[in-house]
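Worksheet for the structure shown next.
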Amino acid sequence: MITALRGMKDILPPRSELFELIANTCEQVAKKYGYQAIQTPHLEATSLFRRSVGESSDIVGKEMYEFKDKGGNDVCLRPEGTAGVVRAFIEAKLDRAGGVHRWCYTGSMFRYERPQRGRLREFHQFGIECFNEPSVYEDASVIMIAYEILKSLGIKTKLKLNSLGSSDDMAAYKTKLLSFINANESQICPDCQRRKDTNPIRVLDCKVEKCQQIYANAPLISDSLGDEARGDFNKLCQILNDNKIEFELDFRLVRGLDYYCKTAFEFVSDEIGAQSAVAGGGRYDRLVEYLGGKASYGVGFAMGIERIMEILSSRDAPAQPKGIYLGALDDENVNYLFSLANSLRQAGFVVELEYKSKKLAKHLQTANAKGFLWVGCIGENELANETIWLKNLKLGVEKTPKISELIKELNDE
Ligand code: HAM
């Protein structure tokens, strides 16, 4: 038997309904803030991610699905959404046209990681990106969108917030951090010794406990912020406080991708084991220029849909019964029910029609097992009297209304 690849999962019903619910909630919330849905390709030039996410990141260094296509081009499956969206923004010349653009997307991302709970090799993100808006109010809106999505899905998380400063602030910080790392070089792990040369801030993400103990005394980026970044960060904290969004300052939060500056944030949950981040994002004001466009501001976040599914499916929320199951008691009535099903669907009802005639008890059993709210059956008598035998499975009430009254009956529930 050929099975799905390791770390790649089918999403079948009823989980697919949960996926849909999450994706729809994300889009509905983002649209209220003026975000419009876009699509970009799954396959992009590898250089796009090398330049944006950064050579020093684990994503580019270890996790990309990279290969040569039949034309000899170096391509890879997108490990994240932002870089492709920025490329599309530049390619459509919107960096030159000016104006604020707010976009959102839902789709597969690919990272060759070691699969475990909440960590897949193909996973789905919902993400938003806003271009050309320097105001810190947009940073607050971006955070509030993620907050509102998680709240409407009933997910409890902690919001962690940091500022990574301007490029000058970051350069000054890296110098300080590097001298700290050099002073402790003999005690840190080989990965950190490599990170120190590629991008020293990556050491702060190291999961090795010994390294973590050492970095507990490392200098903090918050001590290297210039006036502008500090002012924006204070303002952002104030807006969040004013709007009752709780957060924790985490001066060690540096994010795993290189393109961020100023605002950086993550929503974490303790319901998915070690994979605690359900969403992450921040500002990336240098990225458009870095990818060859005209300097334009950028801010956004992405949320892991499977991680949210993991949290929601570990709770046993009873499925809401829905729609109507129709069944015929005699073969001759199937044709009649087929037309009835069609007119109910036109009226907006979810209808499942059993094409085989069966005894009433069998139809009831199937409708119950499938979680329908209503079951409607037609036999010889009902056909002759233009009625339908109808049962509300939630209330246990049975009736035999006229067919002409059926829609009203279903709507009255
Ligand atoms: P990220 O933090 O790499 O950010 O990913 C965002 C979210 O994707 C994570 O918080 C997590 O929920 C989910 N995720 C990441 N890796 C996996 C995995 N292997 N399996 C399951 N879920 C995963 C970004 O991707 C940035 N592009 C976010 C962004 C948008 N920043 C600005 N705009």
For this session: State whether the stretch 269-413 is rounded, prolate or oblate according to the following rule on the C-alpha gyration tensor (a ≥ b ≥ c being the square roots of its eigenvalues): a/c under 1.5 gives rounded; otherwise a/b larger than b/c gives prolate, and the remaining case gives oblate.
Result: prolate
Seminar exercise, completed: Computed D for the stretch 309-371, Stokes-Einstein, Kirkwood radius over alpha-carbon pairs, 20 °C, 1.002 mPa s, to the nearest µm² per second, is 161 µm²/s
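Net charge near Thr3: determine it from the other residues with C-beta under 12 Å of the C-beta of Thr3, scoring Lys and Arg +1 and Asp and Glu -1.
Working: positive: Arg6, Lys9; negative: Asp10.
Net local charge, Thr3 excluded: +1.
Can you pull the Kirkwood radius for the stretch 337-413, inverse mean 1/r over Cα pairs, to one decimal in Å? Write out the running numbers ahead of the final one.
On the way: mean 1/r = 0.0781 Å⁻¹.
Value: 12.8 Å, from the Cα pair sum.
Under the definition of Cα pairs under 8 Å and six or more residues apart, what whole-number percent is the relative contact order of the chain?
Working: 711 pairs, mean separation 64.9, N = 413.
With pairs under 8 Å counted, the relative contact order is 16 percent.
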Exercise. Given only helices, namely DSSP H runs of n ≥ 4 each adding -39500 (n - 2.57), what is the per-residue ellipticity at 222 nm of the chain, to the nearest 500 deg cm²/dmol?
Worked result: -11000 deg cm²/dmol
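Let me know the volume per residue of the alpha-carbon convex hull for the stretch 201-280, in Å³. The partial results should precede the final answer.
Numbers: hull volume 9.0 nm³, N = 80.
Looking at the stretch 201-280, the number lands at 113 Å³ per residue.
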For this session: With everything on Cα atoms, drop me the angle between helix 136-152 and the longest principal axis of the chain, reported from 0 to 90° to the nearest 10.
Result: 40 degrees
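Only Cα pairs under 8 Å and at least 6 apart count here; give the relative contact order of the stretch 316-372 as a rounded whole percent. Provide the component values of the computation, followed by the final result.
Values: 64 pairs, mean separation 27.0, N = 57.
This gives 47 percent for the stretch 316-372.
Rounded if a/c is under 1.5, else prolate if a/b beats b/c, else oblate: with a ≥ b ≥ c from the C-alpha gyration tensor eigenvalues square-rooted, which is the stretch 96-144? Mind showing how you got there, number by number?
Details: a/c = 3.62, a/b = 2.28, b/c = 1.59.
Taking the square roots of the gyration eigenvalues as a ≥ b ≥ c, the stretch 96-144 is prolate.
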Seminar exercise, completed: Once phi for every residue in the stretch 324-337 is put through the Karplus expression 6.51 cos²θ - 1.76 cosθ + 1.60 (θ = phi - 60°), the whole-Hz ³J(HN,Hα) values, with Gly and Pro written as x, are 10, 9, 10, x, 9, 8, 10, 3, 5, 8, 4, 4, 4, 5
For this session: Rounded to whole Hz and in sequence order, give me ³J(HN,Hα) for the stretch 376-392 from the Karplus expression 6.51 cos²θ - 1.76 cosθ + 1.60, θ = phi - 60°, writing x for Gly and Pro.
Result: x, 10, 10, x, 4, 4, 4, 4, 5, 8, 6, 10, 9, 7, 10, 10, 8
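What translational diffusion coefficient, to the nearest whole µm²/s, does the stretch 123-167 have by Stokes-Einstein, given a Kirkwood radius computed over alpha-carbon pairs, a temperature of 37 °C and 0.692 mPa s viscosity?
Working: Rh = 12.5 Å.
For these conditions, the coefficient is 262 µm²/s.
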Seminar exercise, completed: If the chain between Glu380 and Ser339 were fully extended at 0.36 nm per residue, the gain over the current Cα-Cα distance would be 13.1 nm
Problem set entry | Label point 7 Å beyond Cα of Ser186 along Cβ direction - residues of the stretch 216-237 with amide nitrogen under 20 Å | 216-218
Seminar exercise, completed: Taking placed amide H atoms and a strict 5 Å upper bound, the residues 5 or more places from Gly165 or on another chain that come that close are Lys262
Exercise. In degrees between 0 and 90, to the nearest 10, how far off the longest principal axis of the chain does helix 82-91 point, with axes built from Cα atoms?
Worked result: 90 degrees
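Taking the convex hull of the Cα atoms, report for the stretch 48-94 its projected area averaged over all directions, in nm².
Details: hull surface 14.7 nm².
For the stretch 48-94, the mean projected area of the Cα convex hull comes to 3.7 nm².
Over all distinct alpha-carbon pairs, what is the Kirkwood Rh of the stretch 1-152 in angstrom? If you can, show how the numbers build up before the last one.
Values: mean 1/r = 0.0583 Å⁻¹.
This gives a value of 17.2 Å.
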For this session: May I ask you to list the lysines whose Cα is less than 22 Å away from that of Lys151, ignoring any residue fewer than eight positions away on the same chain?
Result: Lys31, Lys32, Lys160, Lys244
Problem set entry | Label point distance in nm, Lys32-Lys176, each placed 7 Å from Cα along Cα→Cβ | 4.0 nm
Problem set entry | Selection from Ser357, Gly371, Gly292, by position along the positive dipole direction of the stretch 280-413 (Cβ) | Gly292
Seminar exercise, completed: Projecting the Cα atoms of Leu406, Leu120, Asn217 onto the charge dipole of the chain, where Lys and Arg contribute +1 and Asp and Glu -1 at Cβ, the residue farthest towards the positive end is Asn217
Exercise. With point charges of +1 on the Cβ of Lys and Arg and -1 on the Cβ of Asp and Glu, referenced to the Cα centre of the chain, which listed residue (Ala146, Gly98, Pro200) lies farthest in the positive direction of the dipole?
Worked result: Pro200
Problem set entry | In range of the label at Asp223: residues from the stretch 234-268 whose backbone nitrogen is under 20 Å from the point 7 Å along Cα→Cβ | 234, 249-255, 262
For this session: Count charges around Leu291 for me, please; just the other residues with Cβ under 12 Å from its Cβ, Lys/Arg as +1, Asp/Glu as -1.
Result: +1
Problem set entry | Net dipole in debye of the stretch 154-307 [+1 Lys, Arg Cβ; -1 Asp, Glu Cβ; about Cα centre; nearest 20] | 180 debye
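Within the set Lys9/Lys394; Lys356/Lys408; Lys176/Lys262, which residue pairs have Cα atoms separated by over 22 Å? Write down the numbers at each step before the final one.
Numbers: Lys9/Lys394 34 Å; Lys356/Lys408 27 Å; Lys176/Lys262 18 Å.
In this structure, Lys9/Lys394; Lys356/Lys408 exceed 22 Å between Cα atoms.
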Exercise. So what's the net charge close to Phe247: Lys and Arg +1, Asp and Glu -1, counting the other residues with Cβ under 10 Å from its Cβ?
Worked result: -1
Problem set entry | Kirkwood hydrodynamic radius of the stretch 1-76, from inverse mean 1/r over distinct Cα pairs, in Å | 15.9 Å
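When N is the residue count of the chain, what does its C-alpha Rg come to as a fraction of 2.2 N^0.38 Å? Provide the component values of the computation, followed by the final result.
Working: Rg = 27.2 Å, N = 413, 2.2 N^0.38 = 21.7 Å.
So the Cα radius of gyration is 1.25 times the expected 2.2 N^0.38 Å.
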Exercise. When the chain is fully extended, how far beyond the present Cα-Cα distance does Asp10 get from Ala97, taking 0.36 nm per residue of separation?
Worked result: 27.2 nm
Exercise. From the backbone phi of the stretch 358-367, what are the Karplus-calculated ³J(HN,Hα) couplings (6.51 cos²θ - 1.76 cosθ + 1.60, θ = phi - 60°) in whole Hz, Gly and Pro given as x?
Worked result: 8, 6, 3, 4, 5, 4, 4, 4, 5, 4
Seminar exercise, completed: Dividing the mean separation of Cα pairs under 8 Å (6+ apart) by the residue count of the stretch 59-211 yields a relative contact order in percent of 14 percent
For this session: Could you pull the Cα extents of the stretch 144-248 along its three principal axes, largest to smallest, in whole Å?
Result: 48, 33, 21
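Read the figures in this text as sums done on the coordinates, not as results from a lab. All values reported here derive from a predicted model rather than from experimental measurement. Note that each Cβ is placed from the backbone with ideal geometry, even for glycine, and that neighbours are counted across all protein chains shown.
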